[in-house]
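Encoded as structure tokens, the structure appears first; notes follow it.
The values are calculated or read from the model by the stated rules, or taken from the named source; none is laboratory data. Keep in mind that what you see is a predicted model, and the values were worked out from it rather than measured. Ideal geometry is used to build each Cβ from the backbone, glycine not excepted, and the neighbour counts take in all protein chains shown.
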Amino acid sequence: MKQFGLIGFPLTHSFSKNYFSEKFEKENIENCAYELFPIERIELINDLIKQRPNLVGLNVTIPYKESVIPFLHELDATTKAIGAVNCIKIENGKLIGYNTDAFGFKQSIKPFLETHHERALILGTGGASKAVYHVLNEIGIDCFFVSRDKSTLKTTKAFNYNELNEHVFNAFKLIVNTSPVGTYPNVSDAPEIPYELLTPNHLLYDLVYNPIETEFLKRGKQQGATVINGLSMLHQQAEEAWRIWNK
């Protein structure tokens with residue numbers, strides 16, 4: 001039996017187990033199982049690998065997309081450039097890190113991008129934000145991070161939340177939430193941005209997929225903005241992970 005799974009903590013928000021279990025059933029994929037592995041410290045990955053000799057692939061979620069890197073033997077070139085991992089292939093005792101978030105995000109946002117989306121605000125500074133930055137930067141979109149304390153970041157291309165004003169929102173028509181704010185069960189929470197400044201020219205993308213419509217997206221929709229949730233990205237990155245594990 002080939003084993004696959006997800007590491008992170010906590011894992012109450014994850015759809016991955018259901019997604020892969022349904023995939024195995026629908027596509028008649030035999031001798032495969034997908035499990036959740038909520039580990040409280042990333043160091044416990046070593047014990048997990050030892051205890052599960054049939055593990056051939058892992059997904060990685062919050063908060064370990066960056067801290068898992070020292071425990072891997074290798075990173076593919078794109079992942080090295082991004083600096084965050086959300087997929088691990090286990091092959092002949094070697095742990096190889098990949099980033100399928102970037103693939104999933106690119107595939108899901110491409111159909112919605114227009115010429116006026118030339119600048120983007122990225123809310124959050126965790127592992128997922130690095131994949132989003134990598135994709136948008138490659139496309140040629142100028143990106144600024146939004147943080148509670150921009151002085152802690154290694155880039156000058158950043159705003160504090162309290163600096164977001166009409167001038168900023170006129171210049172930045174794409175806003176991507178890469179933070180977990182608004183994830184179930186905290187469904188009434190939303191990133192602290194001035195929603196009243198949003199317009200129909202704005203595109204809001206939320207990496208959160210549980211709930212399907214977050215408070216962030218609801219408030220954007222009320223202002224006439226185009227909104228996208230993270231479900232398509234989840235599906236795209238999951239299929240890319242499956243391809244990597246089986247290539």
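Tally time: how many residues in region 125-140 are crowded, with 19+ Cβ neighbours inside 10 Å and touching a helix residue (DSSP H, G or I) at 6+ places or on another chain (Cβ under 9 Å)? Can you show your working first?
Let us first name the residues in region 125-140 that are crowded, with 19+ Cβ neighbours inside 10 Å, namely 125, 127-136.
If we keep only those that are touching a helix residue (DSSP H, G or I) at 6+ places or on another chain (Cβ under 9 Å) too, we end up with 125, 127-128, 130-136.
Here the count works out to 10.
Figure legend. Inter-residue proximity from region 48-65: first residues at negative phi, second residues assigned to a loop (DSSP other than H, G, I, E, B) and among the hydroxyl-bearing types (S, T, Y), beta-carbon distance below 8 Å, spacing 6+ or different chains. Indicated pairs: T61/S14.
Set side by side, the residues T79, T100 differ, and just one is of a type outside the set (A, V, I, L, M, F, W, C) and closer than 23 Å to I228 by Cβ, which is T100. Taking L207 and the conditions (1) touching a helix residue (DSSP H, G or I) at 6+ places or on another chain (Cβ under 6 Å); (2) within 25 Å of I88 (Cβ to Cβ); (3) surrounded by fewer than 20 Cβ atoms within 10 Å (Cβ to Cβ), which numbered condition does it fall short on, given that it satisfies the others? For L207, the exception is condition (3).
Within region 77-100, residues that are over 15 Å from E66 (Cβ atoms) reach partners that are part of a strand (DSSP E or B) and basic (K, R) with beta carbons closer than 7 Å, at six or more positions or on different chains, in the pairs I96/K89.
Could you tell me whether any residue of region 46-56 is more than 28 Å from D142 (Cβ to Cβ), part of a strand (DSSP E or B) and touching a strand residue (DSSP E or B) at 6+ places or on another chain (Cβ under 7 Å)?
In the first step, residues of region 46-56 are kept if they are more than 28 Å from D142 (Cβ to Cβ); the result is 46-56.
Cutting the leftovers down to part of a strand (DSSP E or B) gives us 55-56.
Cutting the leftovers down to touching a strand residue (DSSP E or B) at 6+ places or on another chain (Cβ under 7 Å) gives us 55-56.
So far as region 46-56 goes, yes, one or more of its residues are more than 28 Å from D142 (Cβ to Cβ), part of a strand (DSSP E or B) and touching a strand residue (DSSP E or B) at 6+ places or on another chain (Cβ under 7 Å).
The residues listed here are I62, I42, I88, I7; of these, the one that is within 25 Å of L204 (Cβ to Cβ) and surrounded by 16 or more Cβ atoms within 10 Å (Cβ to Cβ) is I62.
Here F144 fulfils each of the conditions (1) part of a strand (DSSP E or B); (2) closer than 20 Å to V60 by Cα; (3) outside the structural domain of G57 (by TED's automatic domain parsing) apart from (2). Scanning region 20-38 for residues that are in contact (Cβ under 8 Å) with a residue 24 or more places away in the chain and either in the same structural domain as P185 (by TED's automatic domain parsing) or surrounded by fewer than 17 Cβ atoms within 10 Å (Cβ to Cβ) (or both) returns K23, N31, A33, E35, L36, P38. Contact map, region 160-172: residues that are without any contact (Cβ under 8 Å) to a residue 60 or more places away in the chain paired with residues that are of a type in the set (G, A, S), Cβ distance under 8 Å, separation 6+ or inter-chain. Pairs shown: N160/S147; Y161/S147; F172/A120. Checking each residue in region 186-244 for being among the aromatic types (F, W, Y) and under 15 Å from the mean Cα position of the chain (by Cα) picks out Y205, Y209.
The numbered conditions (1) at pLDDT below 95; (2) in contact with a Cys (Cβ under 9 Å, 6 or more places away or on another chain) are all true for A241 except (1). Within region 57-74, the only residue that satisfies the criterion of being aromatic (F, W, Y) and in a loop (DSSP other than H, G, I, E, B) is Y64.
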